[in-house]
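Structure record follows, encoded as structure tokens.
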Amino acid sequence: MAIDHQSLYFSYEEFPFVAPPELSGNGSRHSVTIVGAGPVGLTAALALVRQGVSVTVLEDEATLNIGSRAAGTARRSLEILDSLGAAERLVDKGVAWTKGQSYYGDKLVLDFSMPVLDNVKHPPMVNLQQCYVEQYILDELSKSPLATVRWSSAVKAVENCGDRVKVQVATPDGDYELESDWLIACDGARSVIRSSLGLRMEGTSYEGRYIVADVRLATDLPPGRRVWFDSAGNPDSTIILHRQPDNIWRIDYQLRDDEDSDRELEPERVRSRIQTFLDSVGIGGPWEIDWVSLYRAHSLSLKNYWHGRVLFAGDAAHLVPIFGARGMNGGIDDVFNLAWKLAYVVRGVAPPALLNTYTEERYFAFQENIRNANKSTKVMAPPTRGDLLMRDAVLELAVEHEFVRPLLNPRQSAEIFLRDSSLREPGDTTVGGLAPGQVCPNIKVSVMTDGTAETRYLHELLGPEFTVLVQRKADGMMPEWPATMHGLGLKTIYVERAGETPGLSHIRDVDGAVAQAFQLMDGGAVLIRPDHHVLGRWREGTPDVVSAALRRVATWQ
């Protein structure tokens, strides 16, 4: 199918349809099939091939998604994609930002900064159009012989059949049936797979509507999140402005209840409203539209993300309001959590019951995201008359009174502390520091190689297996740690505050950052999951206590 969008900044490739063997009756059963080649589906594929699992990705289109769409990539997603080899180009191309302003009319009511940590690798947020994010993940995925992407392959129906799932696929050369051991549904908000299985999401759909537009505009306005409430350019409504690469600016403006969506999407109407807005805030110069879409806020989710041989992730599993950049970022976090668990099940080193922890942890994450996103929604698109009156009262007060301004905080996407996960090991609760369920910080460390210190970041030393960090005892005596326990790979890293021990994998704690984060004492240990979350930590980290923790994973019930 031909690409019907001519972008001002991105060259969309039309990927050819390649007839699969199933069309000639020669197909074989697949291990894992992923439906949807958006950022979530592609990340799922990349995370699984990193675990040694073969994947087949089905995508109904012949190219990448059009437009900026999910334009903000949060630090946690950058950490995940970095561990998969797909973040460097993203960070280099994207626009990092830490600051933002909100205005009521023409009066400043909020000037905020996201914390910037000198000792961690990535900025809090990078703006980059979704098409670039997908391209960079796809390029990395294409390096693996374990991955196949089938373009122009639309899933029409799925059926759970005991130990496999049957998938009906429509292509330009005809329809075929595919059989797979497992299927991950990453097919978005209008998931065909969800509908095919008769599943419905529960929650709230808000009436607030936004026109989302990418425009090319040359201006020296610095990066950041800018919001105008009740401005001259959009009275009684809200406008959001974000800078992206290639002189592309993302403009989201709210429609009032009395405005017709179809009329407001007409090109001349969009151009008129954007010009009025730019004039009102003093941004001059020529500009042109690249892409326009309509958005509605939703807070919806399936109760269970695992059904038979089908697992749901991203927008196919849950929908969150656009405010705070939790959609794509939450989906990437979903599949990074899922990939190692599913890989262990596929390889037979853990039972399928381990997948129950995927729903448990990621539904909890959805609730945490919604708790913050709904607060932002009540500011950005108040769902009731009462919410609107409250929001406007806060804006009025914020003009003169600083103490109410935190109520306007946009609450950007952040990592999730899985504090109630049943996978957590309680360990020694008197130790303090980073708790089981939290994400291991990606802090600077010094690695000794052939007697030479090299500065790295902690996540770069973690692999696709479990990792145990062990604080070396002062006398240098430590037990031997095996490379596997109960069929699960285990990497051991010794942490030292000074000195070196030839022949052992170890890091030197730069400025005491590791000791501060983990509160490690001599002989203490921290067990880190393949998705960077801390599984357990112990004052005295022996192979026996770590073995017991990994045995629970390998025999999960």
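As a footprinting exposure proxy, order ASP290, ASP420 by other Cβ within 10 Å, with the fewest listed first.
ASP420, ASP290
Full extension from ALA170 to ASP544: what is 0.36 nm times the residue separation minus their Cα-Cα distance, to one decimal in nm?
Gain on stretching ALA170 to ASP544: 129.4 nm.
Round to the nearest 10 and give me the degree value, 0 to 90, for the angle of helix 130-141's Cα axis relative to the longest principal axis of the chain.
Here the helix axis deviates by roughly 30 degrees.
Could you tally the net charge around SER152, taking each other residue with its Cβ under 11 Å from the Cβ of SER152, Lys/Arg +1 and Asp/Glu -1?
Overall, the nearby charge balance is -4.
Rounded to the nearest 500 deg cm²/dmol, what is the calculated helix-only ellipticity per residue at 222 nm for the chain, with -39500 (n - 2.57) per DSSP H run of length n ≥ 4?
-8000 deg cm²/dmol
Kirkwood Rh over alpha-carbon pairs of the chain, then Stokes-Einstein at 37 °C and 0.692 mPa s: what D in µm² s⁻¹, rounded to an integer?
Estimated via Stokes-Einstein, D reaches 131 µm²/s.
Compare the peptides 478-485, 331-338, 380-387 by average per-residue count of other Cβ atoms within 10 angstrom and give them in order, highest first.
Per-residue mean Cβ counts within 10 Å order the peptides as 331-338, 380-387, 478-485.
What do you get for the angle between helix 543-554 and the principal long axis of the chain? Use alpha-carbon atoms, 0 to 90 degrees, nearest ten.
50
Multiply the residue gap between GLU460 and GLU288 by 0.36 nm, knock off their C-alpha separation, and tell me the result in nm, one decimal place.
Difference between extended and current length: 57.8 nm.
Taking 7 Å along the Cα-to-C-beta vector as the label spot, tell me the VAL399-ASN119 distance in nanometres, rounded to one decimal.
4.4
Could you check the spin-label model distance between ASP279 and ALA96? Points 7 Å from the Cα along Cα→Cβ, value in nm.
3.9
Taking the Cα centre of the chain as origin, sum charge times position over the Cβ atoms of Lys and Arg (+1) and Asp and Glu (-1), and report the length of that vector in debye to the nearest 20.
Roughly 1140 debye, rounded to the nearest 20.
Tilt of helix 385-398 relative to the longest C-alpha principal axis of the chain, in degrees (0 to 90, nearest 10)?
Once rounded, one gets 90 degrees.
Once label points are set 7 Å from the Cα along Cα→Cβ at both LYS143 and ARG371, what is their separation, rounded to one decimal in nm?
Spacing of the two 7 Å Cα→Cβ label points: 3.8 nm.
Work out, step by step, the length gained on full extension between ASP257 and THR384: first 0.36 nm times the residue separation, then minus their alpha carbon distance; give nm to one decimal.
Contour length minus Cα-Cα distance gives 44.6 nm.
Please report the net charge: other residues with Cβ closer than 11 Å to the Cβ of GLY331, K and R +1, D and E -1.
Here the count lands on -1.
Grab every C-alpha pair in the range 93-158, bin the distances at 10 angstrom width from 0 up to the longest one, and report whole percents.
Calculated P(r), rounded to whole percents: 15, 25, 27, 17, 14, 2.
For ASP175, what charge total do you get from the other residues with a beta carbon under 10 Å from its beta carbon, if Lys and Arg give +1 and Asp and Glu give -1?
The answer is -2.
Going through the range 314-413, which GluC sites (Glu not before Pro) have at most 14 other Cβ atoms within 10 Å and a DSSP loop state?
For GluC sites (Glu not before Pro) across the range 314-413 that sit outside H, G, I, E and B with at most 14 neighbouring Cβ atoms in 10 Å, the list reads GLU400.
Can you pull out the GluC sites (Glu not before Pro) in the range 244-321 that DSSP calls coil and that have at most 15 other Cβ atoms within 10 Å?
When the GluC sites (Glu not before Pro) of the range 244-321 are filtered for loop state and at most 15 Cβ neighbours within 10 Å, GLU259 remain.
Since every read-out is calculated from the coordinates, none of them should be taken as a lab result. Quick caveat: nothing in here was measured; it's all calculated off a predicted structure. FYI the Cβ positions are ideal-geometry reconstructions off the backbone, even for glycines, and counts take in every protein chain you see.
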